[in-house]
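In what follows, a structure is listed as structure tokens, so that the remarks can point back to it.
The values are calculated or read from the model by the stated rules, or taken from the named source; none is laboratory data. Just so you know, these numbers come straight off a predicted model, no measurement behind them. With ideal geometry, Cβ positions are generated from the backbone for all residues, glycine too; neighbour counts draw on all protein chains shown. Heads up: the accessible areas ignore ligands, DNA and RNA and are worked out on the full protein's heavy atoms, side chains in. Shrake-Rupley method; radii C 1.70, N 1.55, O 1.52, S 1.80 Å.
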Amino acid sequence: MKELKEVYKVEAFSDIDTEDLGNKVGVRMLKNCDYAIGIFSNQDKEEKEKIVKQANLTCDDLKSGDFYYLTNKTNIVPDTTHVTISKNMFLERMDNGRTYSLLNINWQDECNFELEFKESNDPLKKELSTPGDKYKYQILANREKSIVLKVFWGEHEFQVEFFKGK
């Protein structure tokens, strides 16, 4: 407790911004602990089966548009992240539009792209990424109402479903 109070320059532990502290601890765990990545991604609960790459997959219509995906921040109420893709920009809006993350999108080929982090005001994402960090994605399926992506994070691969906006 003494060290935390010194770092945050406060007299009482109750004066510490616990959301900030939690984000810093969580991000450090994610960057250094494979077990934490598995817990954070919640893959066992979210994925009943892995999606294999769709035959005759075309992705040209996905290079711009509005999408959204769901995350369970509290394991009770899903949080919706809205995504806008246009030309070389990938913009995420979280917390009912109160926070955002801005990334450059670079299409490697028709269905593979890389995101480069630029900036964010989201408490977790700005701790997790620094400008220039890159994240690789592969589109596995282009369905009528959604797309399924494979996300590469270090040695790990995860799948996430983006729903198409109206």
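Numerical summary
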item: Amide hydrogen neighbours beyond the local backbone of Trp153, cut-off 5 Å, H modeled; result: Phe158
item: Top positive-direction residue, dipole computed over the chain with Cβ charges, set Leu124, Val148, Thr71; result: Val148
item: Computed over the chain: relative contact order in percent, which uses C-alpha pairs under 8 Å that are six or more apart; result: 17 percent
item: For the chain: accessible area per residue (Å², 1.4 Å); result: 66 Å²
item: Nonlocal amide H pairs with Asn121, under 5 Å, H built at 1.01 Å; result: Tyr100
item: Computed magnitude of the charge dipole of region 57-166 (debye, nearest 20; Cβ of K, R +1, Cβ of D, E -1); result: 300 debye
item: With every protein chain in place, the chain: carbon and sulfur % of accessible area (1.4 Å); result: 51 percent
item: Order of exposure, largest accessible area first, which applies to Arg28, Arg98 with probe 1.4 Å; result: Arg28, Arg98
item: Aspartates and glutamates whose Cα lies under 15 Å from that of Lys50, excluding same-chain neighbours fewer than 8 positions away; result: Glu157, Glu161
item: Residues of type lysines that Lys134 reaches as a straight line, Cα spacing below 19 Å, ignoring anything fewer than 8 places off in the same chain; result: Lys31, Lys63, Lys87, Lys118, Lys125, Lys126, Lys150
item: Largest to smallest accessible area among Leu149, Leu70 [probe 1.4 Å]; result: Leu70, Leu149
item: List Glu155, Glu92, ordered by accessible area with a 1.4 Å probe, largest first; result: Glu155, Glu92
